[in-house]
Amino acid sequence: MGRYVIRRLLQMVPVFIGSTFLIFFMVYALGDPVAALFGDKAPDPATAARIRQELYLDEPLWKQYGHYMGQILSGNFGTAFNGQPVTELMADAFPVTLRLTLVAILFEIVFGITLGVLSGLRRGRSADTTVLLLTLIVVSVPTFVSGYVLQYLFGVKWGIVSPSVSPEAPFDELMLPGIVLALTSLAYVTRLSRTSIAENSRADYVRTAVAKGLPRRRVVTRHLLRNSLIPVVTFIGTDIGALMGGAIVTERIFNIHGVGFQLYQGILRQNSPTVVGFVTILVIVFLLANLLVDLLYAVLDPRIRYA
Amino acid sequence: MTELAKSAKGPDAATATTAAAANNTAEPAPARITQWGEIRHRFMANKLAVVGLVLVTLLFIVAAAAPLIATHDPYAQNLANTLQEPSGDHWFGTDALGRDQFSRIIYGSRIAVIVGLASIFLACVIGCILGALSGYFGKAVDSVIMRIADIFFAFPLLIGAIVIILVMGRGVLPVIVSLAVFSWATVARLLRSSILSVREMDYVTAAKALGASTTRIITRHIMPNSIAAVMSYVSFSVGTAVVAEASLSFLGIGVSPEVPEWGNMISAGKDSLGVSDFLWVYPSSAIVLTVLGFVFVGDGLRDALDPKLR
């Protein structure tokens, strides 16, 4: 187990370097950060040269990257456009988006898996067909459309929740945005668990369990569910990273000041430290979530052993 | 030989059928059920798939014949005639600049079709080449290509797309490129795993023993049999690409705002809420119907290609 984790962590290194270099390269290609600092005014050449040297901008790209990563590893992410350290922005933004993602993941697990199991057990019947059709419809509605509709109905028309989220973003205000963020993935989780359950319910071990006279509930929860959840867990694991990065639209609709909001601001204002810093953390989250999923396999399926 | 022709679906099987038909001109040959024929039959028996096919066909017709269908110039502003209710002249009303909503939605289908098809086509070309190389050669080639795919996979799509668009500037081409760059990795992975399972099949060994070149084995034997997994994904992802493209416009970084495009129109319609509450509903419905079409077709294709999954 320990050796497996170390091997996986080592495998993550090239992906981490590759993706951070990619974003560094793209942001670098965005334009001259020194000129951006001066806005519309032409910078004084001497000052510009001094700033360039201070920021290592006169070095070749790979050296700049090396220097930047060195800084990041020592916890220095640079300063944002308003002079605040990027780490401060992160400390404000990440907890908010993390809470939003948590709400979304919970919805996916609770509603997605339940619906998937129920329709998988009723394979081919009308309840199953209805759920399948509903998931396809949900997948076809863009987040910003479902976001507006739910915000209008629950927030404006019926006044059940506040239509926009306060800067503190407590859990109860994040319920509606969480559902909106989760919707598409929820549909995928439903389909995935439905297919998996439908396939496994014809397996020999299920027939054996039924023949042994085990109650149906026990067959489903202990035998069927445990064996069917692996693809679902994989999907949810990769979805954590996707949700955190994809929250940009949801955060825009509900005016949530999370990761998506800060990234958007950073990109529009061409502030490289903000963009590279936030994306770096998102990539780390994505990679760690995938590692976690691989380790969870062993818990779900004892046949999988990591030597 | 017939066994080989049967197992290698697609072009081989088709030529075998026509050859057989040509030989028996006097006596009509019994209609041979080809694998593709069977797939088509299963697809057409699926009601949702047919609905999807109709929606997609309609979309293509509307996009191709937009100038004939539109009742007004989609760019023509009329400030004396803003935010009109739907009427005989303006079927879906007018927007805040007095432009005809119906005509803008009709023309918006063009952007959706172009971006959806072109971006996924590009993603498929990159993904199929890299996935095929990776699956066929294995070892070092495989590790390198799959690590590169991991890098693109680890990126949030919208964030990566926004950065590329800012580098290239706004417009249709940057949107296409940015969506393709962050979609090819899935195609490559799908094709690779599908090839891994096909590679060990007897007919591939047979072709190898007959001395077929690597290129021939990949293009004539492995690809036709592995492409099934990619095909239904393609239809699904054209739908996702349409959504992603509209999301970029909605965020204000897709195509420029005066262009008739659904994401732009929803965003603009939202700004007119309170005066004209339902302006955003028309373009939203257009997107949902379009994506539904592609998703239904993708779903039907998957069931038709692999009935075991149903």
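The values are calculated or read from the model by the stated rules, or taken from the named source; none is laboratory data. Because the structure is a prediction, the values reported are computed rather than measured. Neighbour counts are summed over all protein chains in view; Cβ atoms, including those assigned to glycine, are modelled from backbone coordinates with ideal geometry.
Miscellaneous remarks
- Within region B:192-212, the set of residues being modelled with pLDDT of 85 or more and of a type in the set (S, T, N, Q) comprises just one member, B:Thr205.
- Verdict on A:Arg217 being away from every other protein chain (no Cβ under 14 Å), modelled with pLDDT under 90 and over 15 Å from A:Ala289 (Cα atoms): yes
- Considering B:Ile145, B:Ile222, the condition of being out of contact with any Ser or Thr (no Cβ under 8 Å at 6 or more places or on another chain), part of a helix (DSSP H, G or I) and more than 11 Å from every other protein chain (Cβ to nearest Cβ) is satisfied by B:Ile222 alone.
- Here A:Leu132 meets the list (1) surrounded by fewer than 17 Cβ atoms within 10 Å (Cβ to Cβ); (2) modelled with pLDDT of 85 or more; (3) within 14 Å of chain B (Cβ to nearest Cβ) almost entirely, failing just condition (1).
- Output for region A:82-125, where each listed residue is more than 14 Å from every other protein chain (Cβ to nearest Cβ), part of a helix (DSSP H, G or I) and more than 25 Å from the chain's Cα centre (by Cα): A:Leu118, A:Leu121
- Test: B:Leu53 is surrounded by fewer than 15 Cβ atoms within 10 Å (Cβ to Cβ) and under 23 Å from B:Val115 (Cβ atoms): no
- Conditions (1) under 30 Å from B:Asp277 (Cα atoms); (2) not in a helix (DSSP H, G or I): number failed by A:Val145: (2)
- Which listed residue, of A:Val206, A:Val232, A:Val189, is away from chain B (no Cβ under 14 Å), more than 15 Å from the chain's Cα centre (by Cα) and crowded, with 21+ Cβ neighbours inside 10 Å: A:Val232
Every residue, every condition in (1) within 14 Å of chain A (Cβ to nearest Cβ); (2) part of a helix (DSSP H, G or I); (3) charged (D, E, K, R); (4) touching a Lys or Arg at 6+ places or on another chain (Cβ under 9 Å), yes or no:
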{"residue": "B:Arg216", "(1), (2), (3), (4)": "no, yes, yes, no"}
{"residue": "B:Ser232", "(1), (2), (3), (4)": "yes, yes, no, yes"}
{"residue": "B:Val238", "(1), (2), (3), (4)": "yes, yes, no, no"}
{"residue": "B:Val242", "(1), (2), (3), (4)": "yes, yes, no, no"}
{"residue": "B:Pro257", "(1), (2), (3), (4)": "no, no, no, no"}
{"residue": "B:Leu273", "(1), (2), (3), (4)": "yes, no, no, no"}
{"residue": "B:Leu279", "(1), (2), (3), (4)": "yes, no, no, yes"}
{"residue": "B:Ser285", "(1), (2), (3), (4)": "yes, yes, no, no"}
{"residue": "B:Val288", "(1), (2), (3), (4)": "yes, yes, no, no"}
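- Boolean, A:Val149 is more than 22 Å from B:Ser235 (Cβ to Cβ), out of contact with any Lys or Arg (no Cβ under 7 Å at 6 or more places or on another chain), facing chain B (nearest Cβ under 10 Å) and loosely packed, with under 15 Cβ neighbours inside 10 Å: no
- The residues in region A:128-139 that are under 18 Å from A:Ala242 (Cβ atoms) and hydroxyl-bearing (Ser, Thr, Tyr) can be counted, and the count is 1.
- Where A:Thr195 falls short, out of the listed (1) under 23 Å from the mean Cα position of the chain (by Cα); (2) part of a helix (DSSP H, G or I): (1)
- Residues that are buried (at least 24 other Cβ atoms within 10 Å of the Cβ) and of a type in the set (A, V, I, L, M) were ranked within region B:246-278; the one that is farthest from A:Thr184 (Cα to Cα) is B:Met265.
- The residue of region B:113-123 that is nearest to B:Glu200 (Cα to Cα), among those that are of a type in the set (A, V, I, L, M, F, W, C) and touching a Ser or Thr at 6+ places or on another chain (Cβ under 9 Å), is B:Ala123.
- Looking only at region A:250-271, and only at residues there that are surrounded by fewer than 21 Cβ atoms within 10 Å (Cβ to Cβ) and out of contact with any Gly (no Cβ under 8 Å at 6 or more places or on another chain), the one that is nearest to the other protein chains (Cβ to nearest Cβ): A:Leu268
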